[in-house]
1. With point charges of +1 on the Cβ of Lys and Arg and -1 on the Cβ of Asp and Glu, referenced to the Cα centre of the chain, which listed residue (W411, Q119, V28) lies farthest in the positive direction of the dipole?
2. Extension gain K321-L435, at 0.36 nm per residue separation less the Cα-Cα distance, in nm?
3. Order R383, R237, most accessible first, counting only protein heavy atoms with a 1.4 angstrom probe.
4. Not counting ligands, DNA or RNA, and with a 1.4 Å probe, what is H240's accessible surface area in Å² rounded to the nearest 10?
5. Leaving ligands, DNA and RNA out of it, work out the accessible area of Y80 with a 1.4 Å probe and give it in Å² to the nearest 10.
6. Take the alpha carbon atoms of region 13-52, find their center, do the same for region 210-257, and report the distance between the two centers in whole angstrom.
7. If the reach is capped at under 17 angstrom between alpha carbons, list the aspartates and glutamates near K438, excluding any in the same chain fewer than eight residues apart.
8. Where in the chain are the DSSP H helices whose C-alpha atoms run 24 Å or more along the long axis and whose mean Kyte hydropathy is at least 0.0?
Amino acid sequence: MEKAVNNQSPRNTSVFDVNGIPTMGKAVPLGLQHVLAMIVGNVTPAIIIAGVVGLSSSDRTLLVQCAMFIAGIATLLQLYPIGKVGSGLPVIMGVSFAYVPTIIAIGAQYGIAGIFGAQLVGGGVAVLVGIFIKHVRQYFPPLVAGTVVFTIGLSLYPVAINYIAGGVGSATYGSYANWVVALITLSVVLFCNQFTKGYFKLASILMGIVAGYIIAFFFNMVSFAPVAEASWFAAPRPLHFGIEFYPPAILSMVIMYIVNSVQAVGDLSATTVGGMGREVTEKELSGGIIGNGVASIAASLFGGLPTATYSQNVGIVAMTKVVSRFVLGIAAAFILLGGFVPKFGAVMTTIPQSVLGGATITVFAMITMTGIKLIIQDELSGRNMSIVGLAVALGIGITQVPESLALFPDWVMMVFGQSAVVIATIVAFTLNLILPQKTLADEQQERKEMEQEG
């Protein structure tokens, strides 16, 4: 008996193994690192949307609380799949900025219930995309996906600038104080990101918000009334915000879910290549997208906004090579805990809008540059430049002059006049299908032949 015990293999405690279970002393700090990297990006969209739809202080806190709850659930589902739902990869999930332009448009037109109705259907579509990802993926090459991501970044800039100025409708909109606080926040983010290492670099946005928050406090821009009103513990309330279905809103959200499902391929691939030294499998891709769709369906019922894989956390995995699901599970537990503590959500809502604007404009800028990086993976032939240029021009142009659609039915205005991302996606996708494939070499050869004929 003793011999058999001695022959037992030792427990796998490696943080560099997906199935490794390190000690809590190692796992907790590494897990908290992931929480610090994602927390601001996770709660900020909820705060932005709450302002757009005019939620009360208590409902604003609840929306932030639900963002944490759903992010924790979605992450655990990815780490530890149930059947075909989940990738089994070391990824962190959270509310995605990519949906913000479309959600703002839906919320302004149909309210918070319209957002969750469209999201429920969109999540269902994401599940279908996950099932058929092998066939869908080919229609969204880097050129198309990059154009969409680039447009998302561009369309978020007005959101950031309005926040920097103090928030639309604020009595102090455009004041010196708002700009000073925002620029200090931005400066700290840039300093931590470019001149520091370790935790400060990874949590540069959080560091900027802390610094901006302190300055804003001395400018009397912080009110703790929501914190005092919030309780210490509360479970998310199903269908508290209601759920309504509007075809134009659903169409817009479905398009976004298809695009972001295909985009998830990039994050999941980066996780396996960067952190695990191998290519992602079709099973992992399918499970990851299905898992996100299921999480989004659940989120629509509980009051959480659409989720996606977090690129900053993918970057941490790729950089540190720490791929233990147990470590990321610890992070998910902390995130989930925030979903049951309303006071945490209330504290997040006390962050002045100018602070959020100063911090998030760097995020939006990086989204734009990520789009450019994707676009240039394909050569910039005349054909490809036409696709990108026309998609962005029509998307940004029409949404900047929405009255150009004034004589069209209301649903046309909703689908095409409010979100540049929807237009850019449709144009890039369509042109990529119908324009003849021509490389730079083909185009140069055509010019030579024309010159010879001339």
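1. Of the options given, the answer is V28.
2. On the way: separation 114, 0.36 × 114 = 41.04 nm, distance 4.18 nm.
Length gained, K321 through L435: 36.9 nm.
3. From most accessible down to least: R237, R383.
4. Only protein atoms counted, so the area is about 70 Å².
5. Its heavy atoms expose roughly 100 Å² to the probe.
6. Their Cα centres are 20 Å away from one another.
7. Cross-link targets: D378, E379, E446, E449.
8. Membrane-span-like by this rule: 24-53, 57-79, 100-131, 142-164, 176-195, 247-276, 282-302, 353-375, 382-400.
The values are calculated or read from the model by the stated rules, or taken from the named source; none is laboratory data. What you see is a predicted model; the values in this text were computed from it and never measured. Note that each Cβ is placed from the backbone with ideal geometry, even for glycine, and that neighbours are counted across all protein chains shown. For accessibility, only protein heavy atoms count, side chains too; no ligands or nucleic acids. Shrake-Rupley method; radii C 1.70, N 1.55, O 1.52, S 1.80 Å.
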